[in-house]
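First the structure, in the form of structure tokens, and then the observations on it.
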Amino acid sequence: MSLVVDMGTLSPLPPTAATLLRVNNGDGRSALTVIASDMMVSKAVCEISDFLGFEPNIPHLIQTCGSQAVSQLAIVLDLWISGSKTQSKVISSTQLSLGSLVVGCLAPMAIEQSIYDIRPELQMRCAALGICSTMVYSLIARQWPEDFDRAATIAQFRKVPIADAYRHVCGESIRATGAKLSDAWKLPRELRLALAGPAGSLLSIDERTIVTSIDIATQAAQSAGVSVEPWPHTVNVTSIEQMALIQAMGMRAKRVAASLEKKLERLRSA
């Protein structure tokens, strides 16, 4: 059994994400300067925002959604870009890499089904948390590839979730490791919530809304075969309406994945 507790070899945050964390409480001009200086991050932010129905223009996004929400998405996408080439001998690159983006795009759509007048800022935060919640798998696969592949192999052989096999291999839950990553990188509360999971956290109304939407989006992405496996559920999906929504969004997930893969292939191969 290999205990994943040693953070001594942890890769640092990519430069743009680290800089955004330092200026995250500043005004929109600081965030704009940092994001615009990184062509790949700014392009990724615009691509995801365009998919969500926003004008793909960084100054407009900051004005519409707020600098903190846009910065949060940029931090997550910088992490995604830096780890998008993560290779696993067991899990496909589509599931590890593209699946996170699919969940991020589906989650705000799930909110739209339950809230008539959704705030742009909430949509942007939801997208960032949706990407980050599933990206914990690829982040761990990148930091500790042997442990991750061992867990994934056991999961496939025993037909159990990777999270269960990971606990057996590493002696802690995949979300406990996610919490350590977020603490080591000093990520803001909501991104820590995404990596560590919401269990045991006192959630605001907005956060509960986001968590519910991510639960639905991850189930939809898994049913379409474009995500590793669902987030640990904090909300039981038992109503006929929610089940129907998951089924409908599962069909949409495949279309979302195909569209995103075309748009972002150059980012993954750069």
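Scanning the stretch 24-42 for residues that are modelled with pLDDT under 85 and buried (at least 16 other Cβ atoms within 10 Å of the Cβ) yields a count of 2. Lys159 satisfies every condition listed in (1) out of contact with any Leu (no Cβ under 9 Å at 6 or more places or on another chain); (2) closer than 26 Å to Val90 by Cβ; (3) surrounded by 18 or more Cβ atoms within 10 Å (Cβ to Cβ); (4) not aromatic (Phe, Trp, Tyr) except (3). Of all residues in the stretch 49-85, those satisfying the criterion of being free of Cβ contacts under 8 Å to residues at least 40 places away in the same chain and closer than 20 Å to Ser259 by Cα are Asp50, Gly53, Glu55, Pro56, Asn57. Candidates Val136, Val103: the one that is closer than 18 Å to Arg252 by Cα, out of contact with any Cys (no Cβ under 6 Å at 6 or more places or on another chain), of a type in the set (Val, Ile, Thr) and at pLDDT below 95 is Val103.
Looking at the stretch 110-119, can you tell me whether even one residue there is of a type in the set (Asp, Glu), at pLDDT below 90 and assigned to a helix (DSSP H, G or I)? Yes, that holds for at least one residue. In the set (1) modelled with pLDDT under 90; (2) closer than 24 Å to Gln63 by Cα, Leu122 fails one condition alone, (1). Put simply, of Thr19, Thr64 the only residue that is surrounded by 19 or more Cβ atoms within 10 Å (Cβ to Cβ), modelled with pLDDT of 90 or more and β-branched (Val, Ile, Thr) is Thr19.
Tell me the residue from Ala217, Ala224, Ala270 that is modelled with pLDDT of 80 or more and under 30 Å from Val41 (Cβ atoms), please. Selected residue: Ala217, the only one of Ala217, Ala224, Ala270 that is modelled with pLDDT of 80 or more and under 30 Å from Val41 (Cβ atoms). Of everything in the stretch 165-182 that is free of Cβ contacts under 8 Å to residues at least 40 places away in the same chain and over 20 Å from the mean Cα position of the chain (by Cα), the residue that is surrounded by the most Cβ atoms within 10 Å (Cβ to Cβ) is Ala165.
Within the stretch 183-197, the set of residues being of a type in the set (D, E, K, R) and surrounded by fewer than 17 Cβ atoms within 10 Å (Cβ to Cβ) comprises Asp183, Lys186, Arg189.
All conditions but one from (1) surrounded by fewer than 16 Cβ atoms within 10 Å (Cβ to Cβ); (2) modelled with pLDDT of 85 or more apply to Thr9; the one that does not is (2).
The values are calculated or read from the model by the stated rules, or taken from the named source; none is laboratory data. Since the model is a prediction, treat every value here as computed from it, not as a measurement. Cβ atoms come from the backbone with ideal geometry, glycine included; neighbour counts cover every protein chain shown.
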